[in-house]
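Just so it is clear, none of the values below were taken in a lab; they were calculated from the coordinates. Quantities reported herein were computed from a predicted structural model and do not represent experimental measurements. Every residue, glycine among them, receives a Cβ derived from its backbone with ideal geometry; neighbour counts consider all protein chains shown.
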Amino acid sequence: MASAVGLVARDFRVNQLPNGRVFGCANCHISPSGGGARNPFGNRVFQIIGGSSAPVPFWGPGLAAEDSDGDGYCNGEELGDPDGDGQPLPGAMVSNPGSASSRQTNAAPVFVGAPLTEAVKGLPYEFQATAVDPNACQGLAFVKVEGPTWLTVSTQGLVTGVPSEGDAGPVTVTVEVRDNGSPAQSARLTWTLQVVSRFEGWQRLHFALPGEAALAAPEADADGDGLSNAAEYAMGTDPRRPNLPLWAVPGFDPEGRLTWSVQVRDDDPQLVVDLELSPDLTFGSVTVAERLVSDPVPWDGWKIVTFRDTRSRLEVPARFGRLRVRWSP
Ligand SMILES: [Ca+2]
Ligand SMILES: [Ca+2]
Ligand SMILES: [Ca+2]
Ligand SMILES: [Ca+2]
């Protein structure tokens, strides 16, 4: 009888599948009693064996890694044999690889690796967020949950942007990754991003490089206002527009020592600003003024540096000052 032959054929195929007995004929056929139309997994198996009625081997790592019914769980995962070696994992949950309504429990994706926690104004920030999902056949999508407007997050998890001069830090960034399981599971990664300044980034914000490289050099004075680019960087002034004179009349402390305050950026940890004083314009012999730093508004990117001469005006007939800007390693 034809149906008896069919039963034998189904039976040996079921035995070729890890945990094949759990769903029996329904692994491959829409009807649980077997025969008739095949489900997506049955179609795939039929494709592999090429319609042969012989017990052709078909189960292996390749078929295990596919998701025939498109439910977000690999065939191997559904049958409790994720690597497809034919040896099911003891105690594994078994679901039907041919039915999208029969699914595994959805596990949440997990972020891996540490984010890049520093962005430089004027330079591109780029961090590739990476996550893994225990459900190997699921797709993952990333979204930005929290962060500054200059920062974007692609669906693939690429976190990019260029902070500008006015973008102060630190800022909190949160990225979410979501799988396409049902119901979907997600995870979040939150980090604190320091937004710092470096001269190289500032040059790119104010000059067209590389064409204007000479004009953008630290010692150059692009706008001819007597302040070098390095000094304009330190004080946050526009290097393309002459400033009002910065050398306002200095004050004197009760001991007659010259004092002078200037606003200096405090978002560049390497920046050092000194006031050098000399009895004449040759600056052949200089003394470095004492430096007092105050930060009236924390996190606004600025601090006040007050310089004080080491000698009283009663001792010296004339004083000439120059600002020295340098970067400590
Ligand atoms: Ca599946
Ligand atoms: Ca399934
Ligand atoms: Ca998942
Ligand atoms: Ca200048």
> How big is D for the stretch 110-196, in µm² s⁻¹ as a whole number, if Stokes-Einstein is applied with the Kirkwood radius of its Cα pairs at 10 °C and 1.306 mPa s?
Replying inline: 119
> V145's amide H: which non-local residues (gap 5+, or another chain) put their own amide H closer than 5 Å, with H modeled 1.01 Å from N in plane and none for Pro or chain starts?
Replying inline: T174, V175, E176
>> Under a Cβ-only charge scheme (Lys and Arg +1, Asp and Glu -1), can you give me the dipole magnitude of the stretch 110-196 about the Cα centre, in debye to the nearest 20?
In response: 100
>> Within 13 Å, Cβ to Cβ, of N135, how many net charges do the neighbouring residues add up to if Lys/Arg are +1 and Asp/Glu are -1?
In response: -4
>> Through the Karplus equation 6.51 cos²θ - 1.76 cosθ + 1.60, θ set to phi - 60°, convert the phi angles of the stretch 113-119 into ³J(HN,Hα) values in whole Hz; use x for Gly and Pro.
In response: x, 9, x, 7, 9, 10, 10
> At 222 nm, what helix-only mean residue ellipticity would the chain give, in deg cm²/dmol to the nearest 500, using -39500 (n - 2.57) for each DSSP H run of four or more?
Replying inline: -4000 deg cm²/dmol
> Hey, got the dipole for the stretch 202-327? About the Cα centre, +1 on K and R Cβ, -1 on D and E Cβ, debye to the nearest 20?
Replying inline: 160
> Quick one: Karplus J couplings for the stretch 134-140, per residue in order, coefficients 6.51, -1.76, 1.60, θ = phi - 60°, nearest Hz, x for Gly and Pro?
Replying inline: x, 8, 4, 8, 8, x, 10
>> Relative contact order of the stretch 110-196, please, whole-number percent, based on alpha carbon pairs below 8 angstrom and at least 6 residues apart.
In response: 35
>> Net charge around P40, counting only other residues with Cβ within less than 15 Å of its Cβ (Lys, Arg = +1; Asp, Glu = -1)?
In response: -2
> What is the set of long-range amide H partners of H29 at a cut-off below 5 Å, with H atoms built 1.01 Å from backbone N?
Replying inline: N39
> Karplus couplings for the stretch 290-303 from phi (6.51 cos²θ - 1.76 cosθ + 1.60, θ = phi - 60°), rounded to Hz, Gly and Pro as x?
Replying inline: 5, 10, 10, 10, 10, 10, x, 10, x, 6, 8, x, 10, 9
> Which value in nm describes the separation of the simple spin-label points at N43 and K144, placed 7 Å from the Cα toward the beta carbon?
Replying inline: 4.1
> Once label points are set 7 Å from the Cα along Cα→Cβ at both N15 and A136, what is their separation, rounded to one decimal in nm?
Replying inline: 2.8
